[in-house]
Amino acid sequence: MSHADARTHALAMDAADPLRPFRGEFLIPRHGDREQTYFVGNSLGLQPRAARAHVLEVLDKWASEAVEGHFSGDTAWMTYHGLVRESLARLVGAQPQEVVAMNTLTVNLHLMMASFYRPTAARRAILIEAGAFPSDRHAVESQIRLHGFDPATDLVEVEADEPNGTISMAAIERAIAVHGPRLALVLWPGIQYRTGQAFDLPAIARLASAQGAAIGFDLAHAVGNLPLALHDSGADFAVWCHYKYVNAGPGAVAGCFVHERHGRSAMPRLAGWWGHDPATRFRMAPEFVPAPGADGWQLSNPPVLALAPLRASLDQFDRAGGMAALRAKSEKLTGFLETLIRQRLVGTLDIVTPAETQRRGSQLSLRVAGGRERGRELFDYLRDTGILGDWREPDIIRISPAPLYNRFADVLRFVEEVEHWRGV
Ligand SMILES: *Cc1c(COP(=O)(O)O)cnc(C)c1O
């Protein structure tokens, strides 16, 4: 594709994009007198314009009704978390009672491990990927210690075995087979945050379950990015956050999935009053009776102000036609980025993320040739021209074109600016 053809192609793709109107629903940071070219939806998604009205509605209700706000109207705070339930279930492919918006990601991970990591002397190991997100690693390591076991032997980390630092299905299969009898839990990411690699979650769930291990997913980088089918995936539980691809703002209330086969049991858990059956919660009796479904793992009455923006965001996912529509654009958008890099930036940027569409989401992790110094130089150059990706030590720039607000022209601009930097 010639440079002129690439430009024509980008403009034509943007003109024909059925999701094009959604960009206007976001507040896009400025860089000087133009809009920033924002590729960091994998870290903090942009603000939907409608978020403000939802937050103000809560503040106004508080101002005018105070404690009565818990009980009055369609947006009563008592049941406020239920307002996002149906949309959330659609987003992750679950039944409504299997999902709940609560807490934050790492908190939910601990709550899920309190129930699903039940180690015994013979079966006490947790299996994760090597190089996991630090919070996940801290969480599993501390859980192992909490039970009196030793992460040195009881934390199994599957090392990358592919040239770019990605992990083959064969390596996962091998690790689960080798350690199977001593695995209490397999915790796996939907998408690895550093490499951008996506995994075959149902296959991993089958392998873990066949060995008698519990299986949980961390979907921080997968939710709002890939179509998910949690109910059918075989997972016992899943956790994720809503401030990355789900655009619900900094510190947004996170998500949690508990498969229906566990939702009616009286599984051991760390309990709080909001997990108590709402039908009898306000009798204020001392015994804990769990609410059915994922709701039974709630602890506190929800931070309604932090939940409000999620309503605006999930409404967008619904109106966009759900993950199938977003993924269709995302594959083209990220594919365009890949094509241009392979044609024009060989020797400058090396794509770490797998090339197969089903093994990645929207993010491409790009290793800058020449090492850390050179990488920082490029990253800073791009930022100074108003193109924002994010930096991962020692030499990786992550670029995540988000189908709700990024354009093909944004992708082209990134490639042109890297060319320009290389030329000077
Ligand atoms: C973003 C992310 C987190 C962040 O955890 P919080 O509890 O939301 O601060 C944790 N784990 C993974 C894999 C992530 O991508």
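Just so you know, all these numbers are worked out from the coordinates, no wet-lab data involved. Computed from a predicted structure; not experimentally measured. We place every Cβ from the backbone using ideal geometry, glycine too, and count neighbours over all the protein chains shown.
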Mind listing the phi-derived Karplus ³J(HN,Hα) values for the range 87-94, rounded to whole Hz, using 6.51, -1.76 and 1.60 with θ = phi - 60°, and x for any glycine or proline? 5, 5, 4, 5, 4, 10, x, 10
Out of the DSSP beta bridges found with both residues in the range 54-318, what percent are antiparallel (nearest 5)? 40
If I take every Cα pair under 8 Å that is 6 or more residues apart in the range 54-318, average their sequence separation and divide by the length, what percent do I get for the relative contact order? 24
So what's the angle, to the nearest 10 degrees on a 0 to 90 scale, between helix 134-146 and the longest Cα principal axis of the chain? 30
Tilt relative to the chain, helix 3-16 - C-alpha long axis, 0 to 90 degrees, to 10: 40
Please give the helix 304-319 orientation as an angle from the longest Cα principal axis of the chain, in degrees from 0 to 90, rounded to the nearest 10. 60
Sticking with the crude label model, points 7 Å out along Cα→Cβ, report the distance from ASP380 to ALA177 in nm, one decimal please. 5.0
Of 16-26, 304-314, 334-344, ordering from highest average Cβ density within 10 Å down gives 304-314, 334-344, 16-26
Select from HIS242, ILE167, VAL178 the residue farthest towards the positive end of the dipole of the chain; place +1 on Cβ of Lys and Arg, -1 on Cβ of Asp and Glu, and compute about the Cα centre. VAL178
Please work out the FRET efficiency for the pair LEU56 and ALA122, using the Cβ-Cβ distance as r and a Förster radius of 60 Å; give the result to the nearest 0.05. 0.60
Place the peptides 256-265, 381-390 in order of packing, highest mean first, counting for every residue the other Cβ atoms within 10 Å and averaging per peptide. 256-265, 381-390
In order through the range 74-79: 3J(HN,Hα) via Karplus (6.51 cos²θ - 1.76 cosθ + 1.60), integer Hz, x for Gly, Pro: 5, 10, 3, 5, 3, 10
If the elastic network links every pair of Cα atoms under 10 Å, which of ALA101, ALA53, ALA248 fluctuates the most in the Gaussian network model of the chain? ALA53
Of the beta bridges DSSP finds with both residues in the range 1-158, what % are antiparallel, to the nearest 5? 50
Here, trypsin sites (Lys or Arg not before Pro) of the range 37-79 satisfying both criteria (DSSP loop; at most 13 other Cβ within 10 Å) are ARG49
For n ≥ 4 DSSP H runs only, could you compute -39500 (n - 2.57) per run for the chain, divide by its residues and tell me the 222 nm figure to the nearest 500? -12000 deg cm²/dmol
Rounded to a whole number of µm²/s, how large is the Stokes-Einstein D of the chain at 20 °C and 1.002 mPa s, given Rh as the Kirkwood radius over C-alpha pairs? 95
Rounded to the nearest 5, what is the percent of antiparallel bridges among the DSSP beta bridges in the range 97-233? 10
What list of ³J(HN,Hα) couplings, whole Hz, do you get for the range 269-286 from phi and the Karplus terms 6.51, -1.76, 1.60, once you set θ to phi - 60° and write x for glycine and proline? 7, 8, 9, x, 5, 6, x, 6, 3, x, 4, 10, 3, 8, 6, 6, 6, x
